[in-house]
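The values are calculated or read from the model by the stated rules, or taken from the named source; none is laboratory data. Quantities reported herein were computed from a predicted structural model and do not represent experimental measurements. FYI the Cβ positions are ideal-geometry reconstructions off the backbone, even for glycines, and counts take in every protein chain you see. Surface areas here come from the heavy atoms of the whole protein model, side chains and all, with no ligands, DNA or RNA. Shrake-Rupley method; radii C 1.70, N 1.55, O 1.52, S 1.80 Å.
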Amino acid sequence: MKQKTGILLINLGTPDSPSVGDVRTYLREFLMDPYVIDIPLWKRFLLVNFIIAPFRAPKSAKLYKEIWTKDGSPLLIHTRNLATRLEETLGESHQVKWAMRYQHPGIGETITQWKELHDLSELVVIPLYPQPASSSTTSTIELVRRIFKKYSLKIPVRIVDKFYDHPSYLDAVAASASGISFAEYDHILFSFHGVPERHILKDDHSGVCRINDSCCGQISEKNEKCYRAACFHTAREVAKRLRIPDNGFTVCFQSRLGSDPWVQPYTDKVIEEMGRKGNKKLLVFSPAFVADCLETIYEIGVEYQELFQQFGGEKVTLVPGLNDRPEWVQTVAELALQSEQQPA
């Protein structure tokens, strides 16, 4: 019998339920990651366990209840559906599993329950973060490596560490706006998840990073792993595919936490400015989130809608996430089938 290729899809994570206790557990695991909050362990422990988690969990739990479905967390459902569609697309020669970086099913949990794992010809690991960042991509890859070392995995392993420049991914993001008339909107936003500026600088090994639009204006060998530059590249390429002029869209960053400077411009500030200038309708893409989740469904769809109205706007429309769209399933299939190997 011919050996199968295994594929492991990894998304960021979600609470097990919208209860305060489960949300607190999720926040503690997520925020205790040194790649997420990169301060000394004792400071991080005190900050997360005695300040952030106790006060943020009740508020976040209320928001999760707003988006929770009868089948559970939207992010979990979309990730599970993607894995199912991918296995159907690739056929019997592949076996697809999925896991979460934080909470369940965890990466270690999925690996230990994968009975056929050691009989696979190869394992392809795909963290579902298009634009590479230390707080998502690097954190996930490092955990994968530790787990594989722990269980002495002997089969060849390939890790897809980015795909923001993959043509099929860009085509899929563009296709997610099919049927939308751009003429109905005053402006278009590409809102990506924010990261602290210090993460960008820490990840820069070229010495040229300036965290400005000039530095991030084009991709080169020096900045191809820069999160901000990758986000701008994604937006430019999707806009090009949709024939959106350069002055017709703005790249911005949402979901910042704390008082330290994060990459700018901030989405909420851009939306305020758009309202003040008299714009009435905004269309928002969220290309960093391949599955709709709290940050897209509620932060963009509800909070930014309310914010825009406060400053004179009328409607913020969210372009649906890739979720398990056929174009996205095909993209992930292409990523899985790439022949170049990158050992874990």
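Some notes on this structure:
- A DSSP coil position with no more than 12 other Cβ atoms inside 10 Å describes the following GluC sites (Glu not before Pro) in the stretch 255-344: E340.
- Sequence-separation-based contact order of the stretch 73-187, relative, with Cα cut under 8 Å and 6+ spacing, percent: 21 percent
- Of the GluC sites (Glu not before Pro) in the stretch 121-186, those whose Cβ has at most 14 other Cβ within 10 Å and which sit in DSSP loop: none
- Cα-projected label distance for R198 with E109, points at 7 Å along beta-carbon direction, nm: 3.2 nm
- Residues with amide H under 5 Å from that of T317, placed H, sequence gap 5 or more: L282, L283, V284
- Bridging of K315 to lysines at a Cα separation below 21 Å is possible for K269, K277, K280, K281, once same-chain residues fewer than 8 apart are set aside.
- Helices meeting the span-like rule in the chain (full DSSP H runs, Cα extent of at least 27 Å along the helix axis, mean Kyte-Doolittle score of 1.0 or higher) are absent.
- Mean projected area of the convex hull spanned by the Cα atoms of the stretch 142-300, taken over all viewing directions: 12.0 nm².
- Potential lengthening of the chain between E327 and K154 amounts to 59.0 nm, from the contour at 0.36 nm per residue minus the alpha-carbon distance.
- Restraint check, K62/K202; K154/K202; K97/K162; K43/K65; K202/K240, Cα-Cα greater than 24 Å: K62/K202; K154/K202; K43/K65; K202/K240
- Given +1 at the Cβ of Lys and Arg, -1 at the Cβ of Asp and Glu and no other charges, the dipole of the stretch 207-344 around its Cα centre is 520 debye to the nearest 20.
- Solvent exposure ordering (accessible area, 1.4 Å, most first) of W42, W114: W42, W114
- Highest-fluctuation residue, V290, V124, V302 considered, GNM on the chain with Cα pairs under 10 Å: V302
- D119 sits with roughly 100 Å² accessible to a 1.4 Å probe, with DNA, RNA and ligands left out of the calculation.
- At the residue level, R158 shows approximately 10 square angstrom of accessible surface with a 1.4 angstrom probe and all protein chains present.
- Accessible surface of the stretch 276-344 [probe 1.4 Å, protein heavy atoms]: carbon and sulfur percent: 47 percent
- Protein heavy-atom surface of the stretch 1-79, 1.4 angstrom probe: 63% of the accessible area is carbon and sulfur, with nucleic acids and ligands not counted.
- The stretch 306-314 - phi-based ³J(HN,Hα) in whole Hz, Karplus 6.51/-1.76/1.60, Gly and Pro as x: 5, 5, 4, 5, 4, 10, x, x, 10
- The residues packed around S121, meaning those with a beta-carbon under 15 Å from its beta-carbon, carry a net charge of 0 if Lys and Arg are +1 and Asp and Glu are -1.
- Computed 3J(HN,Hα) for the stretch 209-224, one whole-Hz value per residue from the Karplus formula 6.51 cos²θ - 1.76 cosθ + 1.60 where θ = phi - 60°, is 5, 10, 6, 9, 5, 5, 5, 8, x, 8, 8, 9, 4, 6, 10, 5, glycine and proline marked x.
- Computed over the stretch 105-149, Kirkwood Rh from alpha-carbon pairs, angstrom: 11.7 Å
- In this structure H78 has an accessible area near 40 Å², from a 1.4 Å probe over the protein heavy atoms.
- Three-way shape call for the stretch 210-257 based on the alpha-carbon gyration tensor, with the a/c threshold at 1.5: oblate
- Applying the Karplus relation 6.51 cos²θ - 1.76 cosθ + 1.60 with θ = phi - 60° to the stretch 281-293 yields 3J(HN,Hα) values of 9, 10, 10, 10, 8, 9, x, 6, 9, 7, 10, 4, 7 Hz, where x marks Gly and Pro.
- Distance between modelled label sites at N81 and K281, nm, 7 Å Cα→Cβ extension: 2.6 nm
- With 10 Å bins from 0: P(r) over the chain, alpha-carbon pairs, percent: 5, 24, 34, 27, 8, 1, 0
- Residues W262, W98, ordered by accessible area of protein heavy atoms at a 1.4 angstrom probe radius and largest first, appear as W98, W262.
- Cβ charges +1 (Lys, Arg) and -1 (Asp, Glu), total dipole of the chain, debye: 660 debye
- Note on K4: aspartates and glutamates with a C-alpha under 15 Å away, same-chain residues under 8 apart excluded, are E87, E88, E92, E116, D119, E122.
- Sequence-separation-based contact order of the stretch 1-94, relative, with Cα cut under 8 Å and 6+ spacing, percent: 40 percent
- Per residue, in Å², the accessible surface of the chain once ligands and nucleic acids are set aside, probe 1.4 Å: 47 Å²
- Dipole-positive endmost among F148, Q330, V96 within the chain (Cβ charges, Cα centre): F148
- Calculated [222 nm] ellipticity per residue, helices only, for the chain: -11500 deg cm²/dmol; basis is -39500 (n - 2.57) per DSSP H run with n ≥ 4, divided by all residues, nearest 500.
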